[in-house]
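I'd like to ask you about the structure that follows.
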Amino acid sequence: MQYFNIAIDGPAGAGKSTIAKAAAARLGFIYVDTGAMYRAMALFALEKGIPPEDEEGIRKACCQADITIAYEDGKQQILLNGKNVSGQIRTEQVGNMTSKISVYLPVRKKMTELQQKLAANANVIMDGRDIGTFVLPNAQVKIYLTADTRIRAERRMKELEEKGQICNLDEIEADIKERDYRDMHREHSPLKQAEDAVYLDTSRMNPEQVVEQIIAIARKQGLSNGGKENSDTL
Ligand code: DC
């Protein structure tokens with residue numbers, strides 16, 4: 001059976017996970033957050049005390065880290081060597097480490113294999129940096145989601161404040177710029193818009209508007225004729 005795949009790529013803070021989660025719920029698709037997989041790998045390296053510059057150490061760590069995903073009440077959970085680490089991967093420290101270690105080919109190969117398997121067996125909305133360009137080049141829908149850097153920093157700050165963390169907007173913006181640069185300029189599968197992706201700037205859009213647009217694009221690409229599971233919820 002041919003499953004319907006929706007790929008959403010874009011820089012940090014563009015709203016990918018919010019949008020992808022909401023669209024997946026509307027369509028009855030599985031949401032796959034690939035950043036969480038890379039974050040689990042980074043957490044493993046941090047716990048082992050492997051510095052991000054130690055490429056060989058990270059390569060070896062790839063063989064020791066078993067990363068799998070499971071779903072609880074429809075929510076993705078990340079398991080690292082059998083332990084649920086979903087609650088530990090969202091810190092800025094893990095985010096920065098993730099951006100640094102995700103430049104290495106063994107890390108990317110490991111994650112890509114896992115992601116391709118998931119997409120081959122279900123209707124998925126997958127978000128990340130290289131999904132439309134590299135992981136799922138044949139996805140029926142590809143979206144490149146972005147927003148102004150300042151707006152992305154404001155969104156990130158709100159998220160962190162809601163978690164009770166005190167932060168500085170300029171520092172968050174500088175951090176986002178640095179991470180974007182690394183993600184866009186790395187040698188292996190850098191973040192860029194796929195040629196056949198639809199570009200959506202969410203700076204002045206609310207999440208509902210973005211989800212509507214994505215669903216409209218998916219319908220145009222034939223979703224109503226196949227792949228779709230929850231037609232009555234659309
Ligand atoms: O989406 P996120 O902030 O959780 O991603 C964290 C880092 O993981 C990001 O800086 C780059 C890396 N990443 C990647 O290289 N490829 C992906 N498909 C997803 C994330």
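If Asn96 satisfies every condition in (1) under 24 Å from Ala120 (Cβ atoms); (2) surrounded by fewer than 20 Cβ atoms within 10 Å (Cβ to Cβ); (3) within 16 Å of the ligand (Cβ to nearest atom); (4) touching a residue at least 60 places away in the same chain (Cβ under 8 Å) but one, which is the exception?
The number of the failed condition is (1).
Please count how many residues of the range 165-199 are closer than 30 Å to Gln221 by Cβ and either away from the ligand (no atom under 11 Å from the Cβ) or modelled with pLDDT under 90 (or both).
8
Being among the basic types (Lys, Arg) and in contact (Cβ under 8 Å) with a residue 40 or more places away in the chain is the filter; apply it to the range 32-59 and report the residue that is surrounded by the most Cβ atoms within 10 Å (Cβ to Cβ).
By that ranking, first place goes to Arg39.
Identify, please: which residue in the range 57-73 is under 17 Å from the mean Cα position of the chain (by Cα) and not aromatic (Phe, Trp, Tyr) and is, among those, farthest from Leu118 (Cα to Cα)?
Filtering first and then ranking leaves Ile67.
Also, I was wondering about something else. Taking the conditions exactly as written (in contact with a Pro (Cβ under 6 Å, 6 or more places away or on another chain) and part of a helix (DSSP H, G or I)), does Arg59 satisfy them or not?
Considered against the rule, which asks whether it is in contact with a Pro (Cβ under 6 Å, 6 or more places away or on another chain) and part of a helix (DSSP H, G or I), Arg59 comes out as yes.
Under the condition of being of a type in the set (D, E, K, R) and touching a helix residue (DSSP H, G or I) at 6+ places or on another chain (Cβ under 7 Å), which residue from the range 1-31 is surrounded by the fewest Cβ atoms within 10 Å (Cβ to Cβ)?
Only one residue tops the list, namely Arg26.
Can you tell which of Ala14, Ala23, Ala45, Ala36 is near the ligand (Cβ under 8 Å from one of its atoms) and of a type in the set (A, V, I, L, M)?
Of Ala14, Ala23, Ala45, Ala36, the one residue that is near the ligand (Cβ under 8 Å from one of its atoms) and of a type in the set (A, V, I, L, M) is Ala36.
State all residues of the range 13-27 that are farther than 15 Å from Leu200 by Cα and in contact with a Leu (Cβ under 9 Å, 6 or more places away or on another chain); if no residue qualifies, say none.
Answer for the range 13-27, where residues must be farther than 15 Å from Leu200 by Cα and in contact with a Leu (Cβ under 9 Å, 6 or more places away or on another chain): Arg26, Leu27.
Related question: Would you check if there is a residue in the range 73-90 being surrounded by fewer than 19 Cβ atoms within 10 Å (Cβ to Cβ), within 11 Å of the ligand (Cβ to nearest atom) and either part of a helix (DSSP H, G or I) or modelled with pLDDT under 95 (or both)?
Scanning the range 73-90, I find at least one residue that is surrounded by fewer than 19 Cβ atoms within 10 Å (Cβ to Cβ), within 11 Å of the ligand (Cβ to nearest atom) and either part of a helix (DSSP H, G or I) or modelled with pLDDT under 95 (or both), so the answer is yes.
Give the residue, chosen from Ala197, Ala147, that is closer than 14 Å to Thr133 by Cα and among the small types (Gly, Ala, Ser).
Just a single option satisfies the conditions, and that option is Ala197.
Among the residues that make up the range 101-116, is at least one of them within 11 Å of the ligand (Cβ to nearest atom), within 22 Å of Ile176 (Cα to Cα) and among the hydroxyl-bearing types (Ser, Thr, Tyr)?
Within the range 101-116 (the criterion being within 11 Å of the ligand (Cβ to nearest atom), within 22 Å of Ile176 (Cα to Cα) and among the hydroxyl-bearing types (Ser, Thr, Tyr)), the answer is yes, since at least one residue qualifies.
Can you spot a residue in the range 165-180 that is outside any loop (DSSP other than H, G, I, E, B) and in contact with a Phe, Trp or Tyr (Cβ under 7 Å, 6 or more places away or on another chain)?
no
In addition: Is there a residue being assigned to a loop (DSSP other than H, G, I, E, B), hydroxyl-bearing (Ser, Thr, Tyr) and free of Cβ contacts under 8 Å to residues at least 24 places away in the same chain anywhere in the range 3-22?
No - not one qualifying residue is present in the range 3-22.
When the range 130-148 is examined, which residues are found to be open to solvent by 50 Å² or more (accessible area, probe 1.4 Å) and within 13 Å of the ligand (Cβ to nearest atom)?
If the condition is that a residue be open to solvent by 50 Å² or more (accessible area, probe 1.4 Å) and within 13 Å of the ligand (Cβ to nearest atom), then Phe134 is the only one that fits.
Tell me which of these Arg39 doesn't satisfy, since it passes every other one: (1) farther than 24 Å from Phe134 by Cα; (2) charged (D, E, K, R); (3) at pLDDT 95 or above.
(1)
The values are calculated or read from the model by the stated rules, or taken from the named source; none is laboratory data. Computed from a predicted structure; not experimentally measured. Cβ atoms come from the backbone with ideal geometry, glycine included; neighbour counts cover every protein chain shown. Side chains are part of the model used for accessible areas, which takes the heavy atoms of the whole protein and leaves out ligands, DNA and RNA. Shrake-Rupley method; radii C 1.70, N 1.55, O 1.52, S 1.80 Å.
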